[in-house]
Structure formats: C-alpha cells, structure tokens
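Below you'll find the structure, written out as structure tokens, and then a few comments.
Please treat every number below as a calculation from the coordinates, not as lab data. Remember, predicted model here, so these are calculated numbers, not experimental data. Cβ atoms come from the backbone with ideal geometry, glycine included; neighbour counts cover every protein chain shown.
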Amino acid sequence: MYSEIFLRLEPIGLERVASAVRAAGHEVRLLDLQIFGHADYYRELVDFAPHAVGFSLNYLANVPEVLDLAKETKRRRPGCFVFAGGHSGSFIAEELLEHAAGALDALVRGEGEAITPRLLEAVGDPRLATLPGVVTPDGAGPAPTMLDDIDRFPPARDLTRRRHKYFIGVLDPCASAELTRGCPWDCSFCSAWTFYGRSYRKASPEAAAEDLARIAEPNVFLVDDVAFIHPEHGFAIGHELEKRNVRKQYYLETRCDVLLRNREVFEYWRRLGLHYMFLGLEALDEDALRLHRKRVTPGDNFKALEVARELGFTVAVNIIADPDWDERRFAIVREWALSVPEIVHLTVATPYPGTEIWHTEARRLTTLDYRLFDVQHAVLPTRLPLQRFYEELVATQAVINRKHLGLTALREVAGLAARLALRGQTNFLRMLWKFGSVYNRDRQYADHLRPVRYQMRPPAAVATKPGPRDLFVHRPTMNVGGPEMAPHTPRRSSR
Ligand code: B12
Ligand code: SF4
C-alpha cells in the first residue's frame, strides 16, 4: 500500500547480490516486479533462458507471490535452479521450503553477496546444503557469514531498467545508496538488528562518495537504518563528496536522539543537499516508548522535531498504532498530527518473525495470511470491531492527505510538479491524487476475507523471553563495531 502512493525505490540489496554474481563471471539480469508484471517475467524466462533464478524476499507480505512465481518457474523451466533470499526470507527459511513443495531449491539466509556465487557454483553438488546460510530440502549449512567489507560489490544499478519509475515524494526520480549497514539498538518490534546480529559496519568514505558520484539521478534515498550514528563518518563522506563536486538532494532515516546528539553533521549535510528525513518517533507517550524499547523519551523526540525544523528539514515521522487503540487514542494522535508541520505516518503494530515481539506478544494472531503483514493491516485482535478500527486508522492517516497531498500540496509545489511533468517525471504528480483509492476502510477490511492459500507458521509458545542470540540471523564472531557503539550496553540474554 505504501509503495502504491508515496514511493517506489530500487532493490539495492538485489543489485548488490547481482554485482557479486556478475563479478564471479555469470551473466545476470534483474527484473523489478514493483515495475514489471508477471507477463514480463515469463517473457524473460524464455528470452534469457536463465540457468538460475533468485527471488528477493525482503518483505513478508510478498511471500505468496514469490511462492507462486517459483512454482510457475519450475513448471516452465524444470531444469532451472530456483532460490530466494532477503530479509524476511532469512527468518522463515524452512517454512518457505515447505510451502514451495520442491519449487525452491534453496533459501539463502543473511547477506547475499559472499554466498550467492558459492551457491551457484555448488548447484548439483550435495555440498550445497553445507554452505553457510544455505538451507535446502536436504538440510541446512552453518550460520551465515558476514561480508568482511561492505565496499565490495557496489550496487549494479545498470541492471535495473525503467529507473525513472524510482521516486520518493518530490524526489522524483530517486536512486538509493547505502553508507552503513546494521543497527546497534534493539527495539522490540524491529528485525533490522536481529538480522545483522546487532552489528554496525561502515562503508569507507571514499567508496561511499565514489558510489554516490556514479549515480545519474539528481536525488538519493539513503537506505541506512539509522543515519549518522558516528558523526565523523558522515563528515568524512561529505568531504569526499565535496572533493568530487557531487551535488544531489538526499533523504535519510535516523533516530531522534542521534539527531540531537549529532546535530552538526546533519547541519553540514543540509548544506550538501539533505532536505528530507524520516524520524522513527513510534509513540507520543513514555509507556509505549518503553514497550517498544526505543530508549528515548517523548521529550527527546519533541526536541528533535524542533531541531529538524530549525535546520529547515522536511520531516516525516511514524507513529505505531496498537490494535488495542480505541476512538480516544486515535483522536489524540489525529489532533497531534494536525498540530505539527511534519508528515505523520501511522503503521499498525505487527509482530514479524525475527522480532522479539514475535515471541513475546501474548495476544494471538488473528490471521496467518502473509499478505496482511505489511504494517497497514491489523494481525492482532482489535479492541474496536475490525471495520471500525480501519475507519479510525484511515481517518487518522487521512490527515496526511489533508495536509500534504491533493490540492493543498499542488498549490505549494505547482512549479516543481510542472517542471517534473515537462521532463516526463510524473510519479510525484500522480502520488498527490492516489490516497483515497489506496487507503480505504472497506478495501483493508475486505483484504481479511480473501482465501488464504499459504498459512504462516505461528510462533511457538516460549516459556522465557528469547535472548538476542536466539533471534540473530548473523552471529558476529568478530568485533564489527556493534553493540558497544550503541549508547546503552546490551542487556544480557535471559538465559
Ligand atoms: C530501505 C528500506 C525500505 C525502503 C525500500 C527499498 C526497497 N526498494 O526495497 C522503503 C522506504 C520503500 C521501505 C518501505 C517499507 N518497509 Co522497509 N526497510 C528498508 C530497510 C531500512 C533497508 C533495506 C535495504 O535496502 N538494506 C540494504 C540492502 C543492501 O540490504 P537488503 O535489501 O536486506 O539485501 C541484502 C540481504 O537481504 C540479501 N538479499 C536481498 N535480496 C536477496 C535476494 C537473493 C536471491 C539473495 C540470495 C539474497 C538477497 O542480500 C542483500 C545484500 O547483503 C530495511 C531494514 C533493514 N536493515 O533491512 C527495512 C525493512 C525491510 N522494511 C520493513 C517494512 C515493515 C517496510 C514497510 C512495510 C513499512 C511501511 N511503512 O509500510 C514498507 C513496505 C514497502 C514494500 N515494498 O512493500 C521491515 C520488514 C518487515 C518484514 N519482515 O516484512 C524492515 C526490516 C524494517 C524493520 N524495522 O523491521 N523500506
Ligand atoms: S533504532 Fe530503528 S533500526 Fe534500530 S532497532 Fe530500533 S527501529 Fe530498528
């Protein structure tokens, strides 16, 4: 739903895997199904006749689509080696192989750059099932290994076609880049830290600047989970960009406390072209922030918003709506959202495999339909009747529409929209009118009534809270600059 309106961004993870596979001597094509249809994919299967097909499964909601495509691929090209990888896929590898019923030959857990060339080399060899991070119907290898250096394998952006389709809001067209990987915090609802074993790695300033300099688009989305945790890294990249005369507009995501602590680096990047930022606010009250283990106070959050305004950033924030909310709670958030200049997004609290709340959330899931795990649907029991919940949710989200979309927005940015349209860039312009057709109470409710062909495996009941190491995909053996870099020492595992 999100990507139907506000943005469509390039699959930078897949581009990095493609880069590694190409470096190993393979011929590679990449098809982004956010842009192309299934018919295009089937045509590609005939034209290109690949020996192997790998699907990216970063999002849980895409599981049924990928399973169907894998099955159809095997039917059309029985000799083709079919595999999948990516964020969500890494947490549910065995379950996916079971659903695929032979259509998926392997699942790759964790980062794909180092292991995918080895996987392709091992096709047809029983040793396939012994590779780190690889899971096959015949067994699983040891835990995945981490890339020693994230400068290797810069994204193969030349492989993505129709790049003018990538945009986020007014940044149209927009490319993506990665300056750091991982997150040293440990919020209970998030799997970014569990995927990377709470590690945090940085690109060298030179390689990061070189990569940004190679980008043809005038705008860049920085995909880092939390930008500029280490201000000196941000400054060093900035200096390299200045040396190379790179001038772009940037969008990034960060935490409120990081903005407060490292204000100077954001101020510096403002001069380099950073205009838009996303702050993970998550909640307005202390209790909810504690529950999310966000490790910030509402006071810090509000102060960060003031700083961002002072520095002249356009800011989007997110609030997590709990299915337990009643009309009063929605009304409070709505009132607040209307009173601030920021773009306020609302997502629904969702326990995802790989998060701590997947194991500890005591409420039973009301659905096992992967497609509803997109933080826009309620998968836990709602206090309000479900239809009423969606009514309140959509009414609250509609504040965005009132303040930042439609005619209001067009009046403010008519010049820009016209300039983009003249260049054939219409993603932003179209976005302004889509809200009503996408965010719709009846549509969201009806999504629950669709027949479910693939059922998720529900979380096993656990007696004790899982420790961090039980949740990790990557288990860093070396010191990769992780937990000790976070402002709080990690809590010990409960075991
Ligand atoms: C950038 C980002 C976005 C971008 C999307 C960019 C894109 N086109 O994919 C935007 C802002 C659009 C976005 C939106 C959303 N996102 Co997001 N996003 C991220 C973020 C911060 C970084 C992803 C990234 O680019 N990483 C850098 C690249 C290099 O890594 P990577 O993609 O993971 O790829 C590596 C591996 O996964 C693997 N790999 C990937 N693909 C493949 C394929 C094969 C074959 C192989 C072998 C390996 C492999 O190898 C790659 C290289 O090492 C992640 C958090 C995270 N750290 O993963 C959340 C994250 C993936 N997003 C999340 C969510 C919830 C969403 C939204 C639903 C939020 C919303 N408000 O609606 C939407 C849904 C969008 C959609 N398409 O449906 C959740 C995922 C939840 C889930 N389990 O499904 C995450 C984990 C964040 C979180 N806090 O929990 N997101
Ligand atoms: S700070 Fe952000 S990326 Fe890191 S664990 Fe919390 S929500 Fe996830």
Pairs from LYS202/LYS294; LYS202/LYS243; LYS202/LYS248; LYS71/LYS465; LYS294/LYS465 whose Cα-Cα separation, in the structure shown, is over 29 Å: LYS71/LYS465
Which of VAL296, LEU252, LEU274, positive extreme of dipole for the stretch 204-310 (C-beta unit charges): LEU274
Exposure proxy order (Cβ contacts within 10 Å, fewest to most) of PHE313, PHE48: PHE48, PHE313
3J(HN,Hα) from dihedral phi, the stretch 65-77, Karplus parametrisation 6.51/-1.76/1.60, rounded to Hz, x for glycine, proline: 4, 5, 4, 5, 5, 5, 5, 5, 5, 5, 5, 7, 9
Whole-Hz couplings from phi, Karplus 6.51/-1.76/1.60, listed for the stretch 35-43; x for Gly and Pro: 10, 9, x, 5, 4, 5, 4, 5, 4
Rough spin-label spacing in nm, given labels placed 7 Å along Cα→Cβ, for HIS164 and LYS465: 5.2
Amide H contacts of ALA316 (H built 1.01 Å from N, under 5 Å, at least 5 apart or other chain): MET277, PHE278, LEU279, ILE343
Ratio Rg/Rh, restricted to the stretch 224-354 and using Cα atoms, in which Rh is the Kirkwood radius: 1.02
Positive-end extreme of charge dipole, the chain - chosen from ALA106, PRO132, LEU305 (charges on Cβ): LEU305
5 angstrom amide H check on LEU346, placed H, neighbours 5+ away: ILE319
Whether the stretch 86-159 is rounded, prolate or oblate, judged on the alpha carbon gyration tensor where a/c under 1.5 counts as rounded: prolate
Cysteines not pairable in the chain (beta carbon separation under 4.7 Å absent): CYS80, CYS174, CYS183, CYS256
Amide H within-cut-off set for TRP325, under 5 Å, with H built and near neighbours excluded: ARG383
Relative contact order, percent, the chain [alpha-carbon distance under 8 Å, six or more residues apart]: 16
Phi-based couplings in Hz for the stretch 415-432 (Karplus 6.51, -1.76, 1.60; Gly and Pro marked x): x, 4, 4, 5, 4, 5, 4, 5, 8, x, 8, 10, 4, 5, 4, 5, 4, 4
For the stretch 119-192, radius of gyration divided by Kirkwood radius, i.e. Rg to Rh on alpha-carbons: 1.09
Values of log10 I(q)/I(0), in the order q = 0.06, 0.08, 0.10, 0.14 Å⁻¹, for the chain under a Debye, Cα-only, solvent-free model: -0.27, -0.49, -0.80, -1.79
